[in-house]
């Protein structure tokens, strides 16, 4: 047992930079993906048909293709079109697209869940349609959407491991490098699993805390 712990301690300095890349990839994917999701949720509710179709294509294509397929599609197909991106940039684009597609559905459901009376108040308040939506409907929709979006953030962190297949030097990539040198694949992947699991449990605890705070806030209002 002590040998394994000593071994793990010697590997952690090599794994931590990869973990940092995983967190960076997750953060940027959420930073771009959530606003995209909100934009396309609003477009899906717009009156002009072209906006609804653009939203439909973005969301259904992003949800219909697995994140792994999106990674391969962008990384290996874009150079044929004369567009060459780094592996990290490609991973951010692919995961942002995937994240935005699912986030769009959460935002859309949040908007739909706003009570009809609130929507009527937005229409009769004398505000313009967009201003009423922004001031009255959107804040409530965001509160409703926050718990599932927080859960989605956890899935994005776990999904960041897929970037290993296009040579992003994230946590799984670093684990593979150590395994290829030491041939201790079981041990290094077990340690990697513990790192992923520990951070996931921390994220889930934060999500639970966020849900409790939101529920108390909604009950007061």
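The values are calculated or read from the model by the stated rules, or taken from the named source; none is laboratory data. Just so you know, these numbers come straight off a predicted model, no measurement behind them. Don't worry about glycine lacking a Cβ; one is built from the backbone with ideal geometry, like all the others, and counts go over all protein chains shown.
Listed values, structure above:
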quantity	calculated
Boolean, residue 25 is farther than 18 Å from residue 151 by Cα and in contact with a helix residue (DSSP H, G or I) (Cβ under 6 Å, 6 or more places away or on another chain)	no
Any chance residue 31 is within 21 Å of the chain's Cα centre (by Cα) and loosely packed, with under 15 Cβ neighbours inside 10 Å	yes
Options 165, 156: the member that is surrounded by fewer than 19 Cβ atoms within 10 Å (Cβ to Cβ), modelled with pLDDT of 85 or more and either touching a helix residue (DSSP H, G or I) at 6+ places or on another chain (Cβ under 8 Å) or more than 30 Å from residue 87 (Cβ to Cβ) (or both)	165
Single match in 204, 214, 209 (criterion: under 18 Å from the mean Cα position of the chain (by Cα) and closer than 27 Å to residue 99 by Cα)	204
Residue that is touching a residue at least 24 places away in the same chain (Cβ under 8 Å), surrounded by 12 or more Cβ atoms within 10 Å (Cβ to Cβ) and under 22 Å from residue 52 (Cβ atoms), where the choices are 145, 87	145
Count - residues of the stretch 44-82 that are crowded, with 20+ Cβ neighbours inside 10 Å and free of Cβ contacts under 8 Å to residues at least 40 places away in the same chain	1
